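Participant: To start, I am sharing the structure in question, which I have written as structure tokens.
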Ligand code: SF4
């Protein structure tokens, strides 16, 4: 018998090594590594999500006739060693892992590695596409993907005559009576879920955040149901408010499918196929279908490709020399009066989730303006979000949100003051701070830190044509010395958890 070793983010019969496995010739190994769980302070729902999904996948495989060795071990290495000692397999086979360190582990152990089909563009193909290019523009990659995968295409041209409907997808939040967003599906929790939580506690796993409440599916059947719900009920509204943030809805028309794609419960191809079919039936407008497919075959696969292209050096990028810790307001060690931050962190605490613009415009933006160490922020987001993984967090945080790679990925820092947050959200109205003020105790910390950021990194940023105009504007501020003085105070208060 051979062994197929399935990692915790490869939970799908159709992925790589498992796709060709047969119960008469292959047994399956799954290792719950408690050393990995103890290596970070995970959000409780994230830890539950992975372990419960692994256990349900093991049951699914047993129902399909496989012998499954679901092993609880201190580390992945120990789990493999124990399995080999007990079963003596002829060969151990695994699908290419999603992380750099995981690949090293498989290579050290002489595991036969099968090419991954978990993404639509393998990272070798991405490297070929990127070869010889000065800049890897996401839009160019996206069009290349559209053409070769055939989504929303009419021959060699895009359906609707345009590649990109982004301009229609940046509307500010609507007023409350117009809310069009369907509520997400939820699942009933059972004894198996309670057992996972008991096991986390028994093994001394340090977790943060609320217990699971059924928001997140932990089986393929339930994940497929979430996909159908998204396509039927949510997708027609997807798009216009992609960049909006409102206190009254944590999900708006976001798909909230990323956790399932990131651990294999759903595959990106089947998700995009479902969207294409809905578009072909005339059930969704082109702007919604295009906006969603761009997120999956464009941005998600682009992030996957650059992770593999730039690792392992990418982890240590820190172009702005940021070295402060993640603010206590993020970790639950302090509360905050910043309404936008409080609302986002409440969302993390309640369900291990913020949608992308909350991550980028509020938490990521504040971290960059403040000067948080980019790896510390990556690690925090990786462990606190339900869809976290190194491959997705590193480019999104180091490259996109913190500009720690000096512009390799994003052409300019994603920096914004309170005015922009006010334009795209309803957070500022009830806030104790004033988004328009740069100095004084009531000044919005984002606004103060935004102008200070431009001044602090003046010499670097003034050379960048995409942000030079704002840098020059900061030079002309009559109260810049007072702003910079207030910024020192703001950064001290943020570090002390008193803002
Ligand atoms: Fe956030 Fe500033 Fe708006 Fe308050 S005023 S919600 S701190 S952006």
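Participant: Against the conditions (1) farther than 21 Å from residue 63 by Cα; (2) touching a helix residue (DSSP H, G or I) at 6+ places or on another chain (Cβ under 9 Å); (3) surrounded by 16 or more Cβ atoms within 10 Å (Cβ to Cβ), where does residue 203 fall short? Just the number, please.
Facilitator: Checking residue 203 against (1) farther than 21 Å from residue 63 by Cα; (2) touching a helix residue (DSSP H, G or I) at 6+ places or on another chain (Cβ under 9 Å); (3) surrounded by 16 or more Cβ atoms within 10 Å (Cβ to Cβ), the one that fails is (3).
Participant: Moving to a separate point now. Considering region 356-384 alone, what residues qualify as being more than 30 Å from residue 483 (Cβ to Cβ) and surrounded by 23 or more Cβ atoms within 10 Å (Cβ to Cβ)? Can you show your working first?
Facilitator: Quick first cut of region 356-384, residues more than 30 Å from residue 483 (Cβ to Cβ) only: 379, 382-384.
384 - this is the single residue of region 356-384 that is more than 30 Å from residue 483 (Cβ to Cβ) and surrounded by 23 or more Cβ atoms within 10 Å (Cβ to Cβ).
Participant: For residue 139, which of the numbered conditions (1) surrounded by 14 or more Cβ atoms within 10 Å (Cβ to Cβ); (2) touching a residue at least 24 places away in the same chain (Cβ under 8 Å); (3) in a helix (DSSP H, G or I) fails to hold?
Facilitator: Only one criterion in (1) surrounded by 14 or more Cβ atoms within 10 Å (Cβ to Cβ); (2) touching a residue at least 24 places away in the same chain (Cβ under 8 Å); (3) in a helix (DSSP H, G or I) is unmet by residue 139, namely (1).
Listed here are the residues, each with its yes/no results for (1) in contact with a helix residue (DSSP H, G or I) (Cβ under 7 Å, 6 or more places away or on another chain); (2) at pLDDT 95 or above; (3) in the same structural domain as residue 88 (by TED's automatic domain parsing).
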| position | (1), (2), (3) |
| --- | --- |
| 100 | no, yes, yes |
| 110 | no, no, yes |
| 144 | yes, yes, no |
| 147 | no, yes, no |
| 150 | no, yes, no |
| 155 | no, no, no |
| 163 | yes, no, no |
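Participant: Please specify each residue of region 361-379 satisfying the condition of being assigned to a helix (DSSP H, G or I) and either in contact with a strand residue (DSSP E or B) (Cβ under 9 Å, 6 or more places away or on another chain) or within 14 Å of the ligand (Cβ to nearest atom) (or both).
Facilitator: 361, 362, 363, 364, 365, 366, 367, 369, 370, 376
Participant: The conditions are (1) in contact with a helix residue (DSSP H, G or I) (Cβ under 7 Å, 6 or more places away or on another chain); (2) within 16 Å of the ligand (Cβ to nearest atom); (3) assigned to a loop (DSSP other than H, G, I, E, B), and residue 429 fails exactly one of them. Which is it?
Facilitator: Failed condition: (1).
Participant: Exactly one of these conditions fails for residue 435: (1) buried (at least 18 other Cβ atoms within 10 Å of the Cβ); (2) more than 16 Å from the ligand (Cβ to nearest atom); (3) without any contact (Cβ under 8 Å) to a residue 24 or more places away in the chain. Give me its number.
Facilitator: (2)
Participant: Looking at region 319-328, which of the residues that are assigned to a loop (DSSP other than H, G, I, E, B) and surrounded by 16 or more Cβ atoms within 10 Å (Cβ to Cβ) is nearest to the chain's Cα centre (by Cα)?
Facilitator: Of all residues in region 319-328, those assigned to a loop (DSSP other than H, G, I, E, B) come to 319-323, 325-327.
Okay, now just the ones that are also surrounded by 16 or more Cβ atoms within 10 Å (Cβ to Cβ), so 319-320, 322, 326-327.
Numbers: 319: 22, 320: 22, 322: 22, 326: 18, 327: 20 Å.
The selected residue is 326.
Participant: In addition: For a quick check of your reading: which helices (runs of 4 or more DSSP H) sit entirely within region 29-89 and have at least 1 residues that are in contact with a strand residue (DSSP E or B) (Cβ under 6 Å, 6 or more places away or on another chain)?
Facilitator: 44-63, 76-87
Participant: Only one of (1) within 16 Å of the ligand (Cβ to nearest atom); (2) surrounded by fewer than 22 Cβ atoms within 10 Å (Cβ to Cβ); (3) not in a helix (DSSP H, G or I) is not met by residue 411, so which one is it?
Facilitator: Condition not satisfied by residue 411: (1).
The values are calculated or read from the model by the stated rules, or taken from the named source; none is laboratory data. Being a predicted model, the structure only gives us computed values, none of them experimental. Heads up, the Cβs are rebuilt from the backbone with ideal geometry, glycines too, and the neighbour counts pull from every protein chain shown.
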